[in-house]
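The values are calculated or read from the model by the stated rules, or taken from the named source; none is laboratory data. Values in this document were obtained by computation on a predicted structure and should not be read as measured data. FYI the Cβ positions are ideal-geometry reconstructions off the backbone, even for glycines, and counts take in every protein chain you see. Side chains are part of the model used for accessible areas, which takes the heavy atoms of the whole protein and leaves out ligands, DNA and RNA. Shrake-Rupley method; radii C 1.70, N 1.55, O 1.52, S 1.80 Å.
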Amino acid sequence: MTILTVTLNPAFDLHGRLAHFAPEQENYVSEMIREAGGKGINTARALAVNGERTTAFMVLGNENAAPFEMLLQRDGLRARCVYVRGAVRENITLHPADAPETRISLDTFAITPDALAELEAMMQPELRPGMWVAFGGRLPRGVTAQAVIGWLCRMVESGVKLAVDSNSFTAAQLQQIHPTLIKPNAAELNALCPEQPDDPVAQARQLVKCGAAKSVLASLGAKGLWYTTADGCLHAAAPAVAQPISTIGAGDSALA
């Protein structure tokens, strides 16, 4: 059965390599890599690499949709797109050889309620009870959280297994959706459960208990993954990586 992913706020991921990053000074990038990104798209790419059938649904700005779709085609991704006025945003990540990466994320993309309705209508014929749908990324401008929540609730009511990987929802809003799975990182867990800071197991148990999700997959970087349900917890250690290229897409790949 095909796994569907949803990205309302995609982005070109621009990765620049440089020897050293100096704040408040001119910095010279020696190499720039351009990828089609966004959480749902990254998850779809990881699924496809591992032989899973997947379709990535997304909203694209028509000013630069064509080069974005060319990158999707290069990566062998099956995409279904709704088009709106404007341009797909850009995320710029600087990778200095002697320091941690620095990321600049543009918050410039906007969609319309009509585009959200069009995307829902486009997806509806492909939804089947028991199939996985992964909703990923921040909500763009132009639509309310409640409108998106209503759509996700209708998905859950149709019998799909919904995974949510977004920092745009509060714990109370996740309770309304009650997805099968959420995939927060450490910072997002702390935002969802501020009364139990830096305790991912206790935080995940609280989220399952309050009905924010049936299960929680917490991605904690070098500390690995914690998977929590009402029945218990499992921990997966992260393999050592001698020279990591980038953290971008790591959590999305873990979800895949």
Within region 105-120, which residues are part of a helix (DSSP H, G or I), of a type in the set (A, V, I, L, M) and open to solvent by 10 Å² or more (accessible area, probe 1.4 Å)? LEU116, ALA117
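So which residues in region 221-252 are polar (S, T, N, Q) and open to solvent by less than 60 Å² (accessible area, probe 1.4 Å)? Explain how you work it out, then say what you get.
Going residue by residue through region 221-252, those that are polar (S, T, N, Q) are 228-229, 243, 246-247.
Answer for region 221-252, where residues must be polar (S, T, N, Q) and open to solvent by less than 60 Å² (accessible area, probe 1.4 Å): THR228, THR229, SER246.
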Suppose the filter is in a strand (DSSP E or B), out of contact with any Lys or Arg (no Cβ under 7 Å at 6 or more places or on another chain) and within 30 Å of LEU152 (Cβ to Cβ); does ALA48 pass it? no
Filter result (under 11 Å from ALA171 (Cβ atoms) and either among the basic types (Lys, Arg) or open to solvent by less than 20 Å² (accessible area, probe 1.4 Å) (or both)) within region 183-204: PRO184, LEU189, CYS193, GLN203
When you look at PHE68, is it touching a residue at least 40 places away in the same chain (Cβ under 8 Å) and not in a strand (DSSP E or B), yes or no? yes
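Which count do you get for residues in region 225-256 that are touching a residue at least 12 places away in the same chain (Cβ under 8 Å) and within 30 Å of GLU31 (Cα to Cα)?
Residues meeting the conditions: 13.
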For PHE57, only one of the following conditions fails: (1) touching a residue at least 24 places away in the same chain (Cβ under 8 Å); (2) assigned to a strand (DSSP E or B); (3) out of contact with any Lys or Arg (no Cβ under 6 Å at 6 or more places or on another chain). What is its number? (3)
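The rows are residues; the columns are (1) modelled with pLDDT of 95 or more; (2) within 21 Å of the chain's Cα centre (by Cα); (3) β-branched (Val, Ile, Thr).
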{"position": "VAL82", "(1), (2), (3)": "yes, yes, yes"}
{"position": "VAL88", "(1), (2), (3)": "yes, yes, yes"}
{"position": "ASP98", "(1), (2), (3)": "no, no, no"}
{"position": "SER105", "(1), (2), (3)": "no, yes, no"}
{"position": "LEU119", "(1), (2), (3)": "yes, yes, no"}
{"position": "MET122", "(1), (2), (3)": "yes, yes, no"}
{"position": "PRO125", "(1), (2), (3)": "yes, no, no"}
{"position": "TRP132", "(1), (2), (3)": "yes, yes, no"}
Select from region 187-234 the residues that are among the acidic types (Asp, Glu) and modelled with pLDDT of 95 or more and write down the one among them that is farthest from THR247 (Cα to Cα). ASP231
Filter pass, MET58 being surrounded by 24 or more Cβ atoms within 10 Å (Cβ to Cβ) and on the phi < 0 side of the Ramachandran plot: yes
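Only one of LEU174, LEU207 is open to solvent by less than 70 Å² (accessible area, probe 1.4 Å), touching a Gly at 6+ places or on another chain (Cβ under 9 Å), in a helix (DSSP H, G or I) and under 29 Å from ARG154 (Cβ atoms); which?
After ruling out the rest, the residue left standing is LEU174.
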Residue that is most open to solvent (accessible area, probe 1.4 Å), among those in region 79-102 that are closer than 21 Å to LEU116 by Cβ and in a strand (DSSP E or B): TYR83
